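*Asks:* Provided herewith is a single structure, encoded as structure tokens, for subsequent inquiry.
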Amino acid sequence: MRQILSYLKGDSVIWIITLLFLGLSVLSVYSFVPILVKTEGGTPFKYLFKHFIYIVLGVLTMYWVHQKDPKYIAKLSKFGFYLAIFLLIFTFFFGVRVNDAARWIRLPIVGLTFQTSDFAKLALVVYVSKLMVNKENVLNSWKEGFWPIVIPIIIICALIAKDNFSTAAIVFMVSLLLLFVGRVPIGKILTFIGSGLGAFGLVILTHLALPAANILPRFDTWMSRFFKAYGENASSIDNAQAINAELAIHNGGYFGVGVGSGKLKQYLPEAYADFYYSSFVEEFGLLFAMVLIFLYLVLFYRILRIGLNAEKLFETYVCVGIGLLILSQAMINMLVCTGIMPVTGQNMPFLAMGGSAMIMSCVSLGIVLSIANKRNPDNNLSTETKR
């Protein structure tokens with residue numbers, strides 16, 4: 001292990017946790033895909049092989065990115081932001097539609113799908129981090145400091161929200177926290193939140209007043225999920241997915257029923273993704289689930305530590321944003337599976353069946369590791385003052 005880690009620069013703890021997650025994902029995904037085999041055909045090996053391809057792509061990309069100087073990430077931030085806008089618009093018109101949502105584009109030749117919002121949320125974090133550094137001395141100005149930072153957030157969140165409200169909400173929340181960390185005046189942040197809520201309410205009223213326009217095509221889905229979770233029918237058959245997810249956790253107990261022996265995964269349509277945590281607890285047990293949570297918290301801590309010890313404010317902001325994106329996605333998956341939140345489309349980073357989410361999560365950690373590698377090539381983080 002020590003010899004392998006000698007080639008992996010930046011932070012050995014992050015590398016170890018990530019490789020543990022990816023290794024665990026191979027075992028768990030193979031166990032959790034029976035429902036996919038039942039609905040779409042094929043064999044578990046087919047989906048495992050596809051997942052393994054994404055793991056290889058993710059690790060190679062993470063390794064490549066972590067060797068680069070973070071200054072190149074900063075220089076490419078504006079290009080990444082405009083590319084994200086182009087990809088989101090392209091997906092809106094030409095994307096692959098699943099359950100009335102156009103979130104994916106199909107890559108030519110290889111035939112794999114890519115969810116453009118996964119790229120867009122990372123691109124936005126990097127771009128906003130760069131803008132906050134550039135506008136550091138004019139943050140009190142609405143025209144010169146605040147709006148140039150906020151408008152990109154509005155654009156990306158609006159483009160994502162139409163077909164993926166939960167991701168847009170996560171990106172919006174993380175962006176607000178970045179503004180707070182970047183010392184944007186709290187009054188301006190509160191005004192932005194109030195204006196955003198008001199604008200979103202106006203869009204909802206317009207959708208209800210002009211249903212033929214179909215401004216929010218997934219509005220009925222959002223409301224249905226909300227009332228299934230918190231309404232009078234929360235325990236009815238209409239809420240079977242969430243109920244089965246909670247039953248799976250209950251069935252797992254402290255030590256789990258054993259890998260491959262879970263029963264409820266047969267009835268969870270996204271046991272390998274959106275309901276990953278439920279399937280994990282059923283087969284591995286509550287004790288291992290607590291270890292899983294602990295590892296995510298350690299990962300978050302290491303990312304923040306690298307950011308706080310980085311040489312430049314841009315690097316600090318990027319690390320904070322990436323850490324919040326990863327942790328919030330994992331938390332929402334857990335909250336959904338335990339019935340605290342309505343059903344959403346957020347899976348477990350690095351653990352759920354691979355795709356663009358896994359690759360972009362690996363890219364995100366590659367950026368963090370490049371910052372750690374630049375600051376301390378021997379992996380020993382210090383606490384010197386930022387320049």
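*Asks:* Could you run through the stretch 33-85 and say how many residues are under 30 Å from Gly262 (Cβ atoms), of a type outside the set (S, T, N, Q), more than 23 Å from the chain's Cα centre (by Cα) and not in a helix (DSSP H, G or I)?
*Replies:* 2
Listed here are the residues, each with its yes/no results for (1) within 24 Å of Ala169 (Cβ to Cβ); (2) acidic (Asp, Glu).
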site	(1), (2)
Phe275	yes, no
Glu283	no, yes
Phe288	no, no
Ile293	yes, no
Leu304	yes, no
Leu308	no, no
Leu313	no, no
Cys319	yes, no
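*Asks:* Then there's this: Quick one: which residue in Leu308, Leu313, Leu297 is over 23 Å from Lys50 (Cβ atoms) and out of contact with any helix residue (DSSP H, G or I) (no Cβ under 7 Å at 6 or more places or on another chain)? Working first, answer last.
*Replies:* Working: Leu308 fails: out of contact with any helix residue (DSSP H, G or I) (no Cβ under 7 Å at 6 or more places or on another chain); Leu313 fails: out of contact with any helix residue (DSSP H, G or I) (no Cβ under 7 Å at 6 or more places or on another chain).
Unique residue meeting the criteria: Leu297.
*Asks:* Moving on to the next point. Just to be sure I understand, how many residues within the stretch 170-210 are in contact (Cβ under 8 Å) with a residue 12 or more places away in the chain, aliphatic (A, V, I, L, M) and in a helix (DSSP H, G or I)?
*Replies:* Counting residues in the stretch 170-210 that are in contact (Cβ under 8 Å) with a residue 12 or more places away in the chain, aliphatic (A, V, I, L, M) and in a helix (DSSP H, G or I) gives 13.
*Asks:* Go through the stretch 53-68 and report how many residues are buried (at least 17 other Cβ atoms within 10 Å of the Cβ) and of a type outside the set (Ser, Thr, Tyr).
*Replies:* Number satisfying all stated conditions: 6.
*Asks:* Could you figure out which of (1) surrounded by fewer than 17 Cβ atoms within 10 Å (Cβ to Cβ); (2) under 21 Å from Met223 (Cα atoms); (3) under 22 Å from the mean Cα position of the chain (by Cα) isn't true of Phe165?
*Replies:* Looking at each condition in turn, Phe165 falls short on (1).
*Asks:* Can you pull out the residues in the stretch 254-277 that are assigned to a helix (DSSP H, G or I) and under 19 Å from Val26 (Cα atoms)?
*Replies:* The answer is Lys265, Gln266, Tyr276, Tyr277.
*Asks:* For the stretch 198-218, how many residues are at pLDDT 75 or above and either of a type outside the set (A, V, I, L, M) or closer than 15 Å to Ser166 by Cα (or both)?
*Replies:* 7
*Asks:* For the stretch 303-324, check the following and say yes or no: at least one residue is crowded, with 23+ Cβ neighbours inside 10 Å, modelled with pLDDT of 90 or more, under 15 Å from the mean Cα position of the chain (by Cα) and part of a loop (DSSP other than H, G, I, E, B).
*Replies:* no
*Asks:* Further, regarding this structure: Hey, does the stretch 214-224 have a residue that's more than 30 Å from Leu313 (Cβ to Cβ), more than 24 Å from the chain's Cα centre (by Cα) and in contact (Cβ under 8 Å) with a residue 12 or more places away in the chain?
*Replies:* Checking the stretch 214-224: at least one residue is more than 30 Å from Leu313 (Cβ to Cβ), more than 24 Å from the chain's Cα centre (by Cα) and in contact (Cβ under 8 Å) with a residue 12 or more places away in the chain.
*Asks:* Just checking, how many residues over the stretch 49-94 are of a type in the set (Asp, Glu) and over 25 Å from Gly10 (Cβ atoms)?
*Replies:* Of the residues in that region, 0 qualify.
*Asks:* Is it fair to say Val128 is in contact with a Leu (Cβ under 9 Å, 6 or more places away or on another chain), in a loop (DSSP other than H, G, I, E, B), among the aliphatic types (A, V, I, L, M) and within 23 Å of Leu325 (Cα to Cα)?
*Replies:* Taking the combined requirement at face value, the residue does not satisfy it.
*Asks:* Please tell me if Phe93 is part of a helix (DSSP H, G or I), more than 23 Å from the chain's Cα centre (by Cα) and modelled with pLDDT of 80 or more.
*Replies:* yes
*Asks:* Taking the stated definitions as given, is Thr18 at pLDDT 90 or above and either part of a helix (DSSP H, G or I) or within 19 Å of Ala372 (Cα to Cα) (or both)?
*Replies:* Considered against the rule, which asks whether it is at pLDDT 90 or above and either part of a helix (DSSP H, G or I) or within 19 Å of Ala372 (Cα to Cα) (or both), Thr18 comes out as yes.
*Asks:* Would you pick out the residues in the stretch 285-294 that are farther than 15 Å from Met348 by Cβ and either touching a helix residue (DSSP H, G or I) at 6+ places or on another chain (Cβ under 8 Å) or not in a helix (DSSP H, G or I) (or both)?
*Replies:* Gly285, Leu286
*Asks:* Out of the residues in the stretch 1-15 meeting the condition of being modelled with pLDDT under 80 and part of a helix (DSSP H, G or I), tell me which one is surrounded by the most Cβ atoms within 10 Å (Cβ to Cβ).
*Replies:* Selected residue: Leu5.
The values are calculated or read from the model by the stated rules, or taken from the named source; none is laboratory data. Quick caveat, the model's predicted, so the values are computed rather than measured. Glycine gets a Cβ as well: all are built from the backbone with ideal geometry, and neighbour counts include every protein chain shown.
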